[in-house]
1. At what distance in nm do the modelled label points of E108 and D46 sit from each other, each positioned 7 Å from its Cα along Cα→Cβ?
2. What pairs in K87/K107; K76/K107; K67/K92; K67/K107; K47/K76 have C-alpha atoms more than 22 Å from each other?
3. With viscosity set to 1.306 mPa s and temperature to 10 °C, compute the Stokes-Einstein D of the range 13-116, Rh being the Kirkwood radius across alpha carbon pairs; µm²/s, no decimals.
4. Excluding F78 itself, what net charge comes from residues whose Cβ is under 10 Å from its Cβ, given Lys and Arg +1 and Asp and Glu -1?
5. Provide the packing ranking of 69-76, 110-117, i.e. peptides ordered by the mean count of other C-beta atoms within 10 Å per residue, highest first.
6. Starting from the Cα of K93, step 7 Å along the direction of its Cβ; do the same at E12; then give the gap between the two resulting points in nm.
7. Counting pairs of alpha carbon atoms under 8 Å apart in space and at least six apart in sequence, what relative contact order in percent does the range 13-116 give?
8. Using θ = phi - 60° and the Karplus form 6.51 cos²θ - 1.76 cosθ + 1.60, what ³J(HN,Hα) does each residue of the range 77-82 get, whole Hz, x for Gly and Pro?
Amino acid sequence: MILIFLCCLPVERVIPPNITLYPVWTGQSWASELSLVCTLSGFYPDKVSVEWLLDGRVPETSPVQNKLQSVAEGGKTFTLNSKIQLKIEEWKKGPTVQCKSKYGHGKEETRNISICDSNYNWLPK
């Protein structure tokens, strides 16, 4: 008789990211490029990916990313910042921009932003 003890297999700790997506303007807000920043914070392990979509398609600009590690009483966690640049004219067209994070074993989190959102529609059109 063969006994298999599954109770002793290690369980991988997975903490999903907290996602924040926000615009950052440089120079005069109505005459410059716009950066969109997607911050994924407090996740573990550090195996995450970020995909940007502009109305469902991959934007022409490549994202810039940096990852930070922090250690606290609860253990090690990570923060990832991903940033893309859009021309202000493209932003004014009202596309929905998505920051999609994939982590764990096929899990996803998505945040959307658009000039049509009430917080960001104050720009001259």
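1. For the pair E108/D46, the computed spacing is 2.6 nm.
2. Values: K87/K107 31 Å; K76/K107 20 Å; K67/K92 30 Å; K67/K107 20 Å; K47/K76 13 Å.
The pairs that break the limit, which is 22 Å between Cα atoms, are K87/K107; K67/K92.
3. Details: Rh = 14.4 Å.
Value of D from the Cα-based Kirkwood radius: 110 µm²/s.
4. Numbers: positive: K47, K67, K76; negative: D46.
Net charge around F78: +2.
5. Working: 69-76: 9.4, 110-117: 14.8.
Those peptides, ordered most packed to least, come out 110-117, 69-76.
6. Placing both labels 7 Å beyond Cα along the Cβ direction yields 3.9 nm.
7. Values: 221 pairs, mean separation 32.2, N = 104.
Rounded, it is 31 percent for the range 13-116.
8. 3J(HN,Hα) across the range 77-82, in whole Hz: 9, 10, 10, 10, 10, 10.
We did not get these values from a lab; they are worked out from the coordinates using the rules stated. Everything numeric in this text was worked out from a predicted model, so none of it was measured. Ideal geometry is used to build each Cβ from the backbone, glycine not excepted, and the neighbour counts take in all protein chains shown.
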